[in-house]
Amino acid sequence: MRHPVYRPPDIPGLEFDPFLTQALAQGPVMKIRLPQGAALAECWLVTGYEETRFVASDPRFSRDITKRAFPTMNRHLIPMGASVSFIDPPDHTRIRSVVTPAFSAGRMQELRPRAEALVTQLLDGLEAVGPPADLIEQVISPLPLTLIGEIFGIDPAERPRLRRWAEGILVRPRTEQDAAHARALRDEAAAHFHDLLDRRRASSGDDLMTVFAHAVEERQISEDEALAMASLTALNGWHPVRNNLANMVFTLLRRPHLVKALSGGDIPVAQLVEELLRWIPHKNGIGQPRVATEDVALGEATIRAGDYVYVQYWAANRDPAAFTRPAEIDADRSGPPHLAFGHGPHYCVAPHLARLQAQLLLPALFTRLPALCLAVPADEVAFQLDALIRGPITLPVAW
């Protein structure tokens, strides 16, 4: 049997991947082929909500695949050193334990007044510039860049480098030249964090780089692990949040009834943010694979030891077996939690920080600027095609 080939599509705006729509209609688990790795190699694609949760949390599906020739969408892969993305527990748990306290719910409550003040400051700047303006450049990008920079203790003058690295590394390289550029930026970022780590060894501060430096000194983690985790966390502290916030604002600007309900207090902002996280198909492609370490029954399928398995969180968030009318945005939705931050041991390290920024920005933005609208037709808003996380390049607005 010839299974369908999945190739990373160039999808306009926030349209849902038509291949994933077909996969959901076919069933929660299916065999596909990918164009790279072993020639058109077969693997499993899991789109069902319950099946995705099962695979993502079952230790028989390993993320330790870097020494294998696995099927993939992309010809060029740019791993971030000893990244926890490709490490299983217990080492994965050991490394994450260093960073997770910095992003706990309690720490985010402590950060909230600073984040509120920053949102106000950025909106002041937006109004000073006047319409039309690029909301991403003026507000959406500097918000997470400033906060993650402060959490890491990175000097304000150095923070734009985080943005440049993320824009060049967290991408889908199409050519060897693109891949070489991404590798050079990755190495540049690693050198920067290595220098920062050295300078923080004698520090008594509470910033995250000092935490990493002390963890290395205490042999809780290796230097390579610290550098990979620092790079991954810092770059992802900006890139996904920048794009997710832009996606949320773009989505709301096309749905005035939701803006009206939010501004009038008819929708709790936290509830709306969760529904937007569920509905928006944030990531390009189908993510990173796992490999089965033994035979596992999954629904009507049997995953054999050595088989590769991709879980697709965005498809699972549209599974009609889990969500009523999943293609609609329903701010009053009840039901299971979404999987926008993943599931299991590899659950996102900083969901509380992402939520905090969305919950502060959206009501402040639409309360402060009730006439906010797109300054161009929605279909003229250009989106990044090769970024790992989907999002508009610019967001021209007026008010």
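The values are calculated or read from the model by the stated rules, or taken from the named source; none is laboratory data. Bear in mind the structure is a predicted one, so any value in this text is a computation, not a measurement. Quick reminder, even Gly has a Cβ in these numbers, built from the backbone with ideal geometry, and neighbours come from all protein chains shown. Accessible surface is based on the protein model in full, side chains and every heavy atom, while ligands, DNA and RNA are left aside. Shrake-Rupley method; radii C 1.70, N 1.55, O 1.52, S 1.80 Å.
Quick check on my filter: what residues within region 201-220 are open to solvent by 10 Å² or more (accessible area, probe 1.4 Å) and either at pLDDT 95 or above or among the aliphatic types (A, V, I, L, M) (or both)? Steps first, answer last, please.
Residues of region 201-220 open to solvent by 10 Å² or more (accessible area, probe 1.4 Å): 201-207, 211, 214, 216-220.
Listed by number, the residues that qualify are 202, 207, 211, 214, 216, 217, 218, 219, 220.
Go through the residues of region 250-259 one by one and say whether even a single one is open to solvent by 30 Å² or more (accessible area, probe 1.4 Å), on the phi > 0 side of the Ramachandran plot and over 20 Å from the mean Cα position of the chain (by Cα). So far as region 250-259 goes, no, none of its residues is open to solvent by 30 Å² or more (accessible area, probe 1.4 Å), on the phi > 0 side of the Ramachandran plot and over 20 Å from the mean Cα position of the chain (by Cα). When residue 245 is tested against (1) open to solvent by less than 10 Å² (accessible area, probe 1.4 Å); (2) over 17 Å from residue 152 (Cα atoms); (3) free of Cβ contacts under 8 Å to residues at least 60 places away in the same chain; (4) not basic (Lys, Arg), exactly one condition is not met: (3).
Condition (residue is under 24 Å from residue 287 (Cβ atoms) and not in a helix (DSSP H, G or I)) applied to region 146-162: is it met by at least one residue? Scanning region 146-162 turns up no residue that is under 24 Å from residue 287 (Cβ atoms) and not in a helix (DSSP H, G or I). For region 122-141, filtered to residues that are more than 20 Å from residue 238 (Cβ to Cβ) and assigned to a loop (DSSP other than H, G, I, E, B), the residue that is least open to solvent (accessible area, probe 1.4 Å) is 130.
Within region 14-49, the set of residues being closer than 30 Å to residue 255 by Cβ, touching an Asp or Glu at 6+ places or on another chain (Cβ under 8 Å) and either in a helix (DSSP H, G or I) or open to solvent by less than 40 Å² (accessible area, probe 1.4 Å) (or both) comprises 24, 47, 48, 49. Which of the residues that make up region 33-63 are more than 24 Å from the chain's Cα centre (by Cα) and modelled with pLDDT of 95 or more? Correct list: 60 only.
Every listed requirement among (1) within 20 Å of the chain's Cα centre (by Cα); (2) closer than 30 Å to residue 29 by Cα is met by residue 270 save one, (2).
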